[in-house]
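Below: one structure, written as structure tokens.
The values are calculated or read from the model by the stated rules, or taken from the named source; none is laboratory data. Note that this is a predicted model, so its numbers are computed, not measured. Neighbour counts run over all protein chains shown; Cβ positions are idealised from the backbone, glycine included.
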Amino acid sequence: MKRSINFFLLFFLPTYLMAQTDTTNVHFKWNKNKLSITTSYINGSVAPTNVFVKGSNQNSVLIDDFQALNIKLSTQTTGETLQEQVFNCPLWGLGFKILDFDNINEIGIPLALYGFIDIPLLRKQRFSVNAELGFGVSFNWRSFNPITNQYNVALGLGQAFMSDAGVSLNYQLSNHFDLLAGFNFSHYSNGAIKMPNFGINTYAPKIGIKYNFYERPEFVKYKVPKYKPHGEWILSAFAAMKNIIFDSVDIEIKEKYEGVFFPVYGFSALYNWQISHLSKFGIGATFNYNGSINAQVAVENNELDEVDGPFADKLQLSIYPSYELCIDKVSIVLQPAFYVYRKNFKNQSPVFHQRVSINYHISDKIFAGITLRDYSMHADFVEWTVGYRINGK
């Protein structure tokens, strides 16, 4: 339950705060007089990324297709603020999705709730082409259970993070109705908060209809001020938990697959150079303690207990180039990283890994966010982060 609350706060508190009245003329505005609702039908494929969807399941069949119903409540920006001009008057709001993988016994009927932004790449008379980004949480999954659902290695929790990206073509049928068609890619994973966690990936075409509760707006257009590049330092700290399952331990199966949770924590320093309203480039380093490195356990009274190892064996230092996409108060950060210091042990994760972050800027100086550290398309752990910007704007 606590993890579910954390998921909710991370993804939907920012959306709520952005919807509040803003005294500046910079951020997106939630315009209650420019609301619309979109209903879409999605029917597509499941990527064969783990043995469960490849056929190692209860019925020994491929889980290779799915369908979904998607409902989105959005507000239409009209260019009144700087960010609305930069992003060409986007739509943004909340979405709700119902998924069906035709395998209720092992997967269930998952639901998803997420925040999204649809950014017009091209707007021409009755047509528009939009890029779509969405992030949120999904729930109601039938997750792995060593006794009742032992094949589902895709998700170890009933809740999961969701990310969604796509493109759509919109056509104005009338003053209030739009027809849309598009293509989306979605990823569902708990970020290795609880193993097993191979995740589920989908890609699919969609078709839908949007109803606007307003007359077609007039978009405001003015010249966006030229951005003056500047540098900033970003200091942040994070905490995480990493779940390890010890298959070889002689213990009852239920306790075995609960695994052991090891603490991970550290801090990062990053220097950024913001070159435009949208983009920052930088270089940074992260120093952390990872309690799961060369982890050892003992069995006592049919329970697993962590065996402490040398503190120095669990220290890591990584460096990375960084790119940050700034979308109003939210930013998406991509960092291909390399370990430059760590002790060598068997069965280690690769030296090269990735850090993907979503941050929400509470003020000009302070932000909070979440970072997924992964390697070879597999989640390593999730970092819950707070940070401080020096000389940032």
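With respect to (1) buried (at least 16 other Cβ atoms within 10 Å of the Cβ); (2) in contact with a Leu (Cβ under 6 Å, 6 or more places away or on another chain), the lone exception for TYR323 is condition (1).
For residues in region 176-229 being aromatic (Phe, Trp, Tyr) and modelled with pLDDT under 95, which is farthest from GLU383 (Cα to Cα)? Before you say what the answer is, go through the steps one by one.
So in region 176-229, the residues aromatic (Phe, Trp, Tyr) come out as 177, 183, 185, 188, 198, 203, 211, 213-214, 219, 222, 227.
So of that shortlist, the ones also modelled with pLDDT under 95 come out as 198, 214, 219, 222, 227.
Working: PHE198: 18, TYR214: 42, PHE219: 40, TYR222: 40, TYR227: 32 Å.
This residue is TYR214.
When ASN105, ASN50 are checked against the criterion of being exposed (fewer than 14 other Cβ atoms within 10 Å of the Cβ), of a type outside the set (A, V, I, L, M, F, W, C) and either at pLDDT 95 or above or over 24 Å from ASN175 (Cα atoms) (or both), ASN105 stands alone in meeting it.
The residue list PHE345, PHE381 contains one member that is crowded, with 18+ Cβ neighbours inside 10 Å, under 20 Å from TYR289 (Cβ atoms), in contact (Cβ under 8 Å) with a residue 24 or more places away in the chain and of a type in the set (A, V, I, L, M, F, W, C), which is PHE381.
Give ALA337, ALA298, ALA312 a once-over and let me know the one that is of a type in the set (A, V, I, L, M), out of contact with any Cys (no Cβ under 6 Å at 6 or more places or on another chain) and not in a strand (DSSP E or B). Walk me through it before giving the result.
Numbers: ALA337 fails: not in a strand (DSSP E or B); ALA298 fails: not in a strand (DSSP E or B).
Going through ALA337, ALA298, ALA312 in turn, the sole match is ALA312.
Mind listing whichever residues of region 304-344 are of a type in the set (Ser, Thr, Tyr) and closer than 15 Å to GLY369 by Cα? Within region 304-344, just SER331 meets the criteria.
The numbered conditions (1) at pLDDT below 95; (2) among the hydroxyl-bearing types (Ser, Thr, Tyr); (3) crowded, with 17+ Cβ neighbours inside 10 Å are all true for TYR114 except (1). Per the listing SER292, SER318, the residue uniquely closer than 30 Å to SER276 by Cβ and either in contact with an Asp or Glu (Cβ under 7 Å, 6 or more places away or on another chain) or small (Gly, Ala, Ser) (or both) is SER318.
Could you tell me which of the residues ASN145, ASN140 is surrounded by fewer than 20 Cβ atoms within 10 Å (Cβ to Cβ), on the phi > 0 side of the Ramachandran plot and in the same structural domain as GLY182 (by TED's automatic domain parsing)? Steps first, please.
Numbers: ASN145 fails: on the phi > 0 side of the Ramachandran plot.
Answer to the selection: ASN140.
Look through region 27-38, keep the residues that are surrounded by 14 or more Cβ atoms within 10 Å (Cβ to Cβ) and either of a type in the set (A, V, I, L, M) or more than 30 Å from THR385 (Cα to Cα) (or both), and return whichever of them is modelled with the lowest pLDDT. Residue satisfying both the conditions and the ranking: ASN31.
Can you find even one residue in region 145-162 that is of a type in the set (Val, Ile, Thr), under 21 Å from the mean Cα position of the chain (by Cα) and farther than 23 Å from MET241 by Cβ?
Narrowing region 145-162 to residues of a type in the set (Val, Ile, Thr): 147-148, 153.
Narrowing further to those that are under 21 Å from the mean Cα position of the chain (by Cα): 153.
Now drop any that are not farther than 23 Å from MET241 by Cβ, which leaves none.
No: region 145-162 contains no residue that is of a type in the set (Val, Ile, Thr), under 21 Å from the mean Cα position of the chain (by Cα) and farther than 23 Å from MET241 by Cβ.
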